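Right, one structure below, let's go through it.
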Amino acid sequence: MCGIACIAGDYTDTDKEEFKNMLDAMNYRGPDESSIKATPGCLLGHKRLSIIDVDSGIQPIHNEDKTAWIVCNGEIYNYKKLKKEHLGKHRFTCSSDSEVALHMYEEYGKNCVNYLDGMFAFIISDSKHHSVFAARDPLGIKPLYYAKKDGKIYLASELKCLYPLGVSINEFPAGHYFTPEDGFAPYRTVKNLVKYKSPYGQDSPEEIKQNIRHLLEKSVQKRLMADVPLGVLLSGGLDSSLIAAITAKYNKTGRPIHSFCIGLPGSADLKAAKEVADYIGTEHHEYIYTEQDVLEAIPRVIYHLESFEPSLVRSAIPTYFVSQLASKYVKVILSGEGADELFAGYAYMEKIKDAKKLGCELTRVLGSLHNINLQRMDRMSMANSLEGRVPFLDEDLVSYVLGLPPKLKLPHKKGTKKIEKWLLRDSFDETGCLPADVLWRKKAEFSEGSGTKDFLDEAFDKCISDQELRIAAERILKEDNIKIRSKQELYFYRIFKTFYPSSSVANIVGHWAVA
């Protein structure tokens, strides 16, 4: 896990100085090591948070004759399998998963990305072919941005690295690769992740539940790969509790897994998380913050988040606090992101009665995660030099669940009430992995469960009048083409603009349907 950057083209000495500043803007993404490699026609830079091969996996990493170099952010979970089955003739300089991606590129060229299972953004300088090759994982779990200036291509993990260039910045599309010769090309996106397409008649209800359990447990096991301490974010809700329980089940370290929860005094999350931690036997840590802590953290959160989207900022605040807590004990955390998008966990989805329309909406929201929830997870964890992993977004699990009939993801009755994510809950109902009241606990937005949302609603209603909102919204729509939908959004937008005044940056911010 790290921060990466690149200038591709005929760079100058001035560009080299500018490049150092680009890397310095994201020091927190890689506090362990920093390095730059100048190759013909390409500058590669890396800020390292060492997770795999701590002692020798320093990037940029080169091939045998030093004609190709890679910087990679993320993890390639199947790197050992690829190394064994495809790369026997290569001499490795280290045990890093990133070097496997480099040699796969040497063997298969652009097609190398189709072999990789993981979360990643990487850039390869290929001197032999006088080119650059860059790619981002299919769901956009790891970030990458690009800009063009004076005939050169600039790439970096965060917006703030490219912002000083004074040119338009764009998000590197998820599931795409890039070369200067061919531009961007899709290789694997959400819409073509469906491999199974199993009609309900072929997989029985029990088989479906077994498959979901197997795929989620397999996904968690993949993500336990680390040479450093690992923990789980535990809000006490269904998603994080399942991940925590499975992590504890497959923990082979001989020590309890660390779990982390935060909230305002008396918040529902603190109570539920403690219940789960006691049940599964984690070493549990809590942080109780105050309303003043929230207000003081908002500018820091928005700076790191690189967004003013209100739902995102609200949930980013507790994510920032819990990441800050976790970073004192571990370097890697597992989280429950993605379950709502796979299993229809959002409240508005309960109103979608047509199964086909629900299926289309789930595909859409999965495809938009890259600049909403996944951006929150990445930025808040990395702001605290912490790697976040998301087992629900494993490609095999995503493919299987997307291929199931959408009607199975509609709310079902449990007792007298209809409840969301019924299929996921029912898949683990008889396993005993969680207390029943947790397994069937109704979803709450992270900011609701932690107690943040209600406090912020009240605070911004007092400090911004209806008239101020109306006048400001009209002006912002005219000047920046941004539609401000609430007092919270206006408050966050004003802070965002102090860090990123350019309208071009504001226009690539991801948005939820409602504020």
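Of L362, T253, Y279, which is farthest towards the positive pole of the stretch 241-372's charge dipole, taken about the Cα centre with +1 and -1 on the beta-carbons of Lys, Arg and Asp, Glu respectively?
After comparing all options, I get T253.
Please give, to one decimal in nm, the separation of the simple spin-label points placed at T93 and I36, each 7 Å out from Cα toward the Cβ.
Here the answer is 1.8 nm between the modelled labels.
Assuming a viscosity of 1.567 mPa s and a temperature of 4 °C, what translational diffusion coefficient in µm² per second does Stokes-Einstein assign to the stretch 341-395, Rh being the Kirkwood radius over Cα pairs? Write out the running numbers ahead of the final one.
Numbers: Rh = 12.7 Å.
For the chosen part, D equals 102 µm²/s.
Can you work out the FRET efficiency for the pair E64 and A185, with r the C-beta to C-beta distance and R0 = 30 Å, to the nearest 0.05?
Taking R0 as 30 Å, the efficiency between E64 and A185 is 0.60.
With runs of 4+ DSSP H residues as the only contributors, calculate the mean residue ellipticity of the chain at 222 nm using -39,500 (n - 2.57) per run, divided by the residue total and rounded to the nearest 500.
My calculation for the chain gives -12000 deg cm²/dmol from helical runs alone.
Over the alpha-carbon set of the stretch 151-190, divide Rg by the Kirkwood Rh and report the Rg/Rh ratio to two decimals.
Details: Rg = 11.6 Å, Rh = 11.6 Å.
That ratio equals 1.00.
So for the stretch 339-415, averaging the separation of alpha carbon pairs under 8 Å that are six or more residues apart and normalising by length, what relative contact order in percent results? Please list the in-between numbers first.
Values: 45 pairs, mean separation 34.7, N = 77.
Relative contact order for the stretch 339-415 comes out at 45 percent.
Once label points are set 7 Å from the Cα along Cα→Cβ at both D24 and K81, what is their separation, rounded to one decimal in nm?
Between D24 and K81, the label points sit 4.4 nm apart.
How are the C-alpha pair distances of the stretch 382-433 spread across 5 Å bins, as whole percents from the shortest bin up?
That works out to 4, 15, 17, 21, 17, 10, 8, 6, 2, 0, in percent per bin.
Would you mind computing the Rg to Rh ratio of the stretch 231-367 from its alpha-carbon coordinates, Kirkwood style for Rh? Mind dumping the intermediate values first?
On the way: Rg = 16.5 Å, Rh = 16.4 Å.
On the Cα set of the stretch 231-367, Rg over Rh gives 1.01.
What part of the accessible area of the stretch 156-262, given as a whole %, is carbon or sulfur when the probe is 1.4 angstrom?
51 percent
Charges at C-beta only: +1 for Lys and Arg, -1 for Asp and Glu. How large is the resulting dipole of the chain about its Cα centre, in Debye rounded to 20?
Values: 68 positive and 70 negative charges, 213 e Å.
That gives the chain a dipole magnitude of about 1020 debye.
Would you calculate the convex hull of the Cα atoms in the stretch 80-137 and tell me its volume per residue in Å³?
Here the figure is 87 Å³ per residue.
Jot down the radius of gyration and Dmax of the stretch 150-277, Cα atoms only, both in angstrom.
My reading of the Cα-based Rg and Dmax gives 21.4, 59 Å.
Averaged across orientations, what area in nm² does the convex hull of the alpha carbons in the chain project?
Its average projected convex-hull area is 24.1 nm².
What is the Cα centroid distance between the stretch 307-377 and the stretch 454-472, reported in whole angstrom?
Each part's Cα centre sits 25 Å from the other's.
Could you do me a favour and compute the accessible area per residue for the chain, 1.4 Å probe, result in Å²?
39 Å²
Taking a cut-off of 21 Å between Cα atoms, list the lysines near K128, but don't count ones fewer than 8 places away on the same chain.
Straight-distance partners of K128: K37, K66, K89, K110, K152.
Once you keep just the Cα pairs under 8 angstrom separated by 6 or more residues, what percentage relative contact order results for the chain? All intermediate terms of the calculation are to be shown ahead of the outcome.
Numbers: 1005 pairs, mean separation 76.4, N = 515.
The normalised contact order for the chain reaches 15 percent.
Can you tell me how the stretch 31-151 classifies by the Cα gyration tensor, rounded, prolate or oblate, using a/c under 1.5 as the rounded cut? Don't skip to the answer; put the middle values down first.
Numbers: a/c = 1.25, a/b = 1.19, b/c = 1.05.
Verdict is rounded for the stretch 31-151.
The values are calculated or read from the model by the stated rules, or taken from the named source; none is laboratory data. Small disclaimer: the values here were computed from a predicted structure and weren't measured. Cβ sites come from the backbone with ideal geometry, for glycine too, and all protein chains shown count toward neighbours. All accessible areas refer to the heavy atoms of the entire protein, side chains included, with ligands and DNA or RNA removed. Shrake-Rupley method; radii C 1.70, N 1.55, O 1.52, S 1.80 Å.
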